Amino acid sequence: ADVAHELRTPLHIIQGNLEGMLDGVYPTSQEQIDATLQETRLLARLVDDLRTLSLAEAGELPMRRGPVDVAELLADAVTSFSGQAEDAGIALAVGRLSEGPLRFSGDADRLDQVLGNLIANALRHTAAGGSVTLSAEKNGEQLPPG
């Protein structure tokens, strides 16, 4: 029921926007097209998330281990969410990083996905005027948990 609701919401918005444009209720403007396109992106992300979840539950989620540069991972995440943060009036930045390279072996795509979920939640639960800062530090030869 939750999945159906999450998928139905953007579908109804897309359908309503398109019907409104066809009926002349909404102007066929760049702004209206952009809003509809944004809903299609949300829907695509939800479908991708469902696929990932079903693969994980089946124990078939592929892991592609390789070198991960933490500073690069965080910088890319900030770049990806900078527009959303700006629209929400929230400062999003990379904060303090440990001296020297922060690298380890992991699945950069999965880590990006996890980091993206954390940032999306942080932005959703941070009031306008607030800030979200990403940081990382080395603990011996490992990155510390949490």
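Please treat every number below as a calculation from the coordinates, not as lab data. Just so it is clear, the model here is predicted, and its values are computed rather than measured. Neighbour counts are summed over all protein chains in view; Cβ atoms, including those assigned to glycine, are modelled from backbone coordinates with ideal geometry.
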Over the chain, relative contact order from alpha-carbon pairs under 8 Å, at least 6 apart, %: 22
The range 1-78 shape via C-alpha gyration tensor axes, a/c threshold 1.5: oblate
Segment ARG8-SER54, length gained on full extension (0.36 nm per residue, minus Cα span): 14.7 nm
Size of electric dipole in the chain: Cβ of Lys, Arg +1 and of Asp, Glu -1, about Cα centre, debye, nearest 20: 320
Interchain or long-range residues, amide H under 5 Å from GLY106's placed H: GLY66, VAL68
Fraction of antiparallel bridges per DSSP, the chain only, in percent to nearest 5: 50
Euclidean distance of C-alpha centroids, the range 63-119 and the range 14-37, integer Å: 34
DSSP H segments from the chain that extend 18 Å or more along their own axis, Cα-based, with Kyte-Doolittle mean of 0.0 or above: 2-22, 70-88, 108-124
Residues whose placed amide H lies under 5 Å from that of VAL94, excluding near-sequence neighbours: LEU134
Helix-only [θ]222 nm of the chain, DSSP H runs n ≥ 4, -39500 (n - 2.57) each, per residue, nearest 500: -20000 deg cm²/dmol
